[in-house]
């Protein structure tokens, strides 16, 4: 039994555990325990607020911090302007919050805090979280679409120039591809983050087990795994940024559909 | 896979806390701070644009002023040249007048002098005649002992002088 405990479980890092006896907190009959996941959401929130507040000096000639905050707002602004047009500016607060929240969550989850005994938790590797974010984005698309275009919004499912006999076939296909969007949006982020973390954990178990098995295994398995792990860590940082970007980009593309309706 | 294994017991807390913290991010960061940051950027862009426009306007104004100055300068130069030419012509005319006046003065003096010389010469000639007549009277008296009247002597001298 002791041997089993010592084994590295790559899935253990995703376990949610209530903190500080909050396991039985309830709100309207639902459990709202303050878990490690919620703690890292709070940490990401605080870090993000500190980061953006540091860029609020409003100087005419910006310092480094202000420059970096302005870089991110300008980045989101440009993305929305390119994808949606002038009407895209009003979505900057939402897309910026989404992008930065996911980015901070992903990068904080990759922090090597394990060496000082803290265990970072990547809440974006849970589809309950990414799913909620995807549903919020999808709900915005629906609300904007029906608000602006009414029932005409359904013409989104008939690409312009479709021959009349094809409409009964095209319409369900387009409708299904539209309805799949929130799932693909949420699952993409969840899978990417989980896969990366599992891969790192599996490689680290190779390093640990290989080294424990003797010098030969350490050289044959442990060292190559360790080198690979360093490379994959760099890749994961890239993925953390890319996935946040993809989530924000796809959300803005979907909002573009609702806003401009081809 | 804890995401699925713990789904039933944790989904409500996950959703709740996500909505709480994402809501905080959206309200404080997205709605509160981001517009201010973007406002600052827009303000800066505007400042730069207006500064550039002011610089362009100033340059255009400078060019205009230079052009005006050049026109004025050309006018001034032309005026100066006109004044110089006038002064030259004036001076030349004055000189001419002075010269002609001097010339006239000289001419009258010359004529006067010529007249004086002519008068002197006739006077001298007359004197020479009388002196010669006296001398002839005297010579005749001394040589021939003949008394010749002054009139005769005079006519003889006149004859001799005419014949040379």
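Considering only residues that are more than 7 Å from every other protein chain (Cβ to nearest Cβ), crowded, with 19+ Cβ neighbours inside 10 Å and modelled with pLDDT under 90, look in the stretch A:41-82 and name the one that is nearest to residue A:118 (Cα to Cα).
A:66
Which number in (1) at pLDDT below 80; (2) at the interface with chain B (Cβ under 9 Å from one of its Cβ atoms) marks the one condition that residue A:23 misses?
(2)
Is there a residue being more than 35 Å from the chain's Cα centre (by Cα) and part of a helix (DSSP H, G or I) anywhere in the stretch B:80-93?
no
Residues checked against (1) under 20 Å from the mean Cα position of the chain (by Cα); (2) free of Cβ contacts under 8 Å to residues at least 40 places away in the same chain; (3) within 10 Å of chain B (Cβ to nearest Cβ); (4) crowded, with 22+ Cβ neighbours inside 10 Å:
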site	(1), (2), (3), (4)
A:112	yes, yes, no, no
A:116	no, yes, no, no
A:120	yes, no, no, no
A:123	yes, no, yes, yes
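Going by the conditions given, is residue B:63 farther than 30 Å from residue A:134 by Cα, at pLDDT below 95 and either part of a helix (DSSP H, G or I) or more than 14 Å from chain A (Cβ to nearest Cβ) (or both)?
For residue B:63, the condition - farther than 30 Å from residue A:134 by Cα, at pLDDT below 95 and either part of a helix (DSSP H, G or I) or more than 14 Å from chain A (Cβ to nearest Cβ) (or both) - is not met.
When you check residue A:32 against the structure, is it surrounded by 17 or more Cβ atoms within 10 Å (Cβ to Cβ), touching a strand residue (DSSP E or B) at 6+ places or on another chain (Cβ under 6 Å), at pLDDT below 85 and closer than 15 Å to residue B:14 by Cβ, yes or no?
no
Going by the conditions given, is residue A:176 without any contact (Cβ under 8 Å) to a residue 60 or more places away in the chain, surrounded by fewer than 16 Cβ atoms within 10 Å (Cβ to Cβ) and either part of a helix (DSSP H, G or I) or touching a strand residue (DSSP E or B) at 6+ places or on another chain (Cβ under 7 Å) (or both)?
Taking the combined requirement at face value, the residue satisfies it.
Exposed (fewer than 10 other Cβ atoms within 10 Å of the Cβ) and more than 7 Å from every other protein chain (Cβ to nearest Cβ): which single residue out of B:49, B:8 fits that description?
Exactly one residue qualifies, and that residue is B:8.
Yes or no: the stretch A:211-234 includes at least one residue that is buried (at least 16 other Cβ atoms within 10 Å of the Cβ) and in contact (Cβ under 8 Å) with a residue 60 or more places away in the chain.
no
Is there a residue in the stretch A:134-148 that is away from every other protein chain (no Cβ under 14 Å), exposed (fewer than 12 other Cβ atoms within 10 Å of the Cβ) and within 27 Å of the chain's Cα centre (by Cα)?
To start, the set of residues in the stretch A:134-148 that are away from every other protein chain (no Cβ under 14 Å) comprises A:138, A:141-148.
Then keep just the ones that are exposed (fewer than 12 other Cβ atoms within 10 Å of the Cβ); that gives A:143, A:147.
Retained after the next criterion (residues that are within 27 Å of the chain's Cα centre (by Cα)): A:143.
Taking every residue of the stretch A:134-148 in turn, at least one turns out to be away from every other protein chain (no Cβ under 14 Å), exposed (fewer than 12 other Cβ atoms within 10 Å of the Cβ) and within 27 Å of the chain's Cα centre (by Cα).
Which of the residues that make up the stretch B:21-46 are closer than 21 Å to residue A:39 by Cβ and either at the interface with chain A (Cβ under 7 Å from one of its Cβ atoms) or surrounded by 15 or more Cβ atoms within 10 Å (Cβ to Cβ) (or both)?
Answer for the stretch B:21-46, where residues must be closer than 21 Å to residue A:39 by Cβ and either at the interface with chain A (Cβ under 7 Å from one of its Cβ atoms) or surrounded by 15 or more Cβ atoms within 10 Å (Cβ to Cβ) (or both): B:21, B:22, B:24, B:25, B:26, B:28, B:29.
The values are calculated or read from the model by the stated rules, or taken from the named source; none is laboratory data. Treat the numbers as computed from the prediction; the structure is a model and nothing was measured. Here the Cβ is made from the backbone with ideal geometry for all residues, glycine too, and neighbour counts use every protein chain on show.
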